[in-house]
Amino acid sequence: MVDDLVSISAFARRVGLTPSALRFYDDCGALRPAVVDEGNGYRYYAPDQEQRARLLRDLREIDLPLPEVRRVLDGAPGAAAAVAVVEAHLRTVEQKAASTRQAAQRILAGLSSTSSKSPQVTLGGPELASAIRQVAPAAAEPEPIPALGCVRIELSETEVTLVATDRYRLAVRKLHPQSFDGTPGAILIPAPALTELTRWLAAADTVHLRAGSDLTLSTSAETRTLASMDAEYPDYQLILDGLEPPVCRVMADRAALAELLGTDEVVALGIESETIGIGNQKLEAIITGAPLRIGFTTRLLAEALATGVGPDVLLEIHAPDRPVVIRSADQGTFTTLVMPNRL
């Protein structure tokens, strides 16, 4: 055992920490050396401490506070409590990142200088029309909160994102621009005004968007302008980032599920091992996770299913009182969240 001991410098190189960091973790009790020479105070470490040291390094890399680090290090490997600590910290970091992103976008949009330019993108006309048809139905009536009656369009070099929500349903569609110029930004456009343009957009090969004080849309033959709204939009990214891993996933035939919903105001879905039960009717499904029962406002679930693409739909259920993520197997760029209804 003594022959296997290495100096603090050698141990630091092995585990990716500095000697000063190892001294600090000794002082705070997170990682004690195996032996301390009583004569000169030199610290020595054993090979079986390397796993703990590397885990400590990674935990500090994600900025986990030391008290939480100790909880993870001192717990049993893979213990649920330790996993919960890291997952909770990850959610906090993601929410902070989302808030930072939103603030940065507001700053960039509000800065006026000679170097800033309104964002301009080029998209496929049919693709944009399809995205509007999918997202706009999730917008609310313009009263009492006018911003919720709008579609938020975010423009950047890597993607164009369309978002709408009435607080009970959230629809997000991402598009990849053919070209981009200017400074990333966002604009709010009333949903009905966008919807009116879908037939015109679908007939165009490409459309150029410029988000200035208003939204300008140009095809090879015509230019149209839509008035924007200056209002604060909900931080939808916080909702997406705050979702915990689903406890149940359901893959089913999208059209068949829609047909079973019925006309009652609220519909209850009984998720079993291989079927979805609605009343006395059963629909075969691929299900992973625990059986459960969950309710929805029938109209909201029907509209969410109607905006999907392809024959299959995936429901990711986190809890009977948490938003359910609805995705299409054939279109990963479109996501809908629907709030359950208490049964």
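The values are calculated or read from the model by the stated rules, or taken from the named source; none is laboratory data. Being a predicted model, the structure only gives us computed values, none of them experimental. Note that we place each Cβ from the backbone using ideal geometry, even for glycine, and neighbour counts take in every protein chain shown.
Considering only region 239-253, I want to know if a residue exists there that is buried (at least 18 other Cβ atoms within 10 Å of the Cβ) and among the acidic types (D, E).
yes
Give the residues of region 51-87 that are surrounded by 12 or more Cβ atoms within 10 Å (Cβ to Cβ) and β-branched (V, I, T), sorted by residue number.
Matches in region 51-87: V69, V72, V83, V85, V86.
For region 257-289, how many residues meet the condition of being under 14 Å from L315 (Cα atoms) and assigned to a helix (DSSP H, G or I)?
Count: 2.
Output the number of the condition that A53 fails; it satisfies all remaining conditions of (1) modelled with pLDDT under 85; (2) more than 30 Å from P184 (Cβ to Cβ); (3) part of a helix (DSSP H, G or I).
(1)
If D48 satisfies every condition in (1) loosely packed, with under 13 Cβ neighbours inside 10 Å; (2) not in a helix (DSSP H, G or I) but one, which is the exception?
Of everything listed in (1) loosely packed, with under 13 Cβ neighbours inside 10 Å; (2) not in a helix (DSSP H, G or I), D48 misses just condition (2).
Tell me the residue from I294, I317 that is of a type in the set (A, V, I, L, M, F, W, C), in contact with a Cys (Cβ under 8 Å, 6 or more places away or on another chain) and surrounded by 21 or more Cβ atoms within 10 Å (Cβ to Cβ), please.
Being of a type in the set (A, V, I, L, M, F, W, C), in contact with a Cys (Cβ under 8 Å, 6 or more places away or on another chain) and surrounded by 21 or more Cβ atoms within 10 Å (Cβ to Cβ) holds for just one of I294, I317, which is I317.
With the requirement that a residue be in contact (Cβ under 8 Å) with a residue 12 or more places away in the chain and exposed (fewer than 14 other Cβ atoms within 10 Å of the Cβ), what does region 277-288 give you?
Within region 277-288, G279, Q281, E284, I286, T288 meet the criteria.
Can you name the condition, by its number, that I239 falls short on among (1) in contact (Cβ under 8 Å) with a residue 24 or more places away in the chain; (2) touching a helix residue (DSSP H, G or I) at 6+ places or on another chain (Cβ under 8 Å)?
Tallying (1) in contact (Cβ under 8 Å) with a residue 24 or more places away in the chain; (2) touching a helix residue (DSSP H, G or I) at 6+ places or on another chain (Cβ under 8 Å), I239 fails exactly one: (2).
State which residue is surrounded by the most Cβ atoms within 10 Å (Cβ to Cβ) when the search covers only region 212-227 and only residues that are within 15 Å of A193 (Cα to Cα) and out of contact with any His (no Cβ under 9 Å at 6 or more places or on another chain).
Among those that are within 15 Å of A193 (Cα to Cα) and out of contact with any His (no Cβ under 9 Å at 6 or more places or on another chain), it is L215.
Would you check if E284 is touching a helix residue (DSSP H, G or I) at 6+ places or on another chain (Cβ under 8 Å), at negative phi and in the same structural domain as M251 (by TED's automatic domain parsing)?
No; evaluated as a whole, the condition is false for this residue.
Y25 passes all but one of (1) under 38 Å from the mean Cα position of the chain (by Cα); (2) in a strand (DSSP E or B); (3) of a type in the set (F, W, Y); which number fails?
(2)
Yes or no, residue by residue, for (1) under 25 Å from A98 (Cβ atoms); (2) of a type in the set (S, T, Y):
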{"position": "T219", "(1), (2)": "no, yes"}
{"position": "S228", "(1), (2)": "yes, yes"}
{"position": "Q237", "(1), (2)": "yes, no"}
{"position": "V247", "(1), (2)": "yes, no"}
{"position": "A255", "(1), (2)": "no, no"}
{"position": "G279", "(1), (2)": "no, no"}
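Could you tell me which residue of region 1-34 is surrounded by the fewest Cβ atoms within 10 Å (Cβ to Cβ), considering only residues that are over 16 Å from L55 (Cα atoms) and among the hydroxyl-bearing types (S, T, Y)?
Only one residue tops the list, namely S20.
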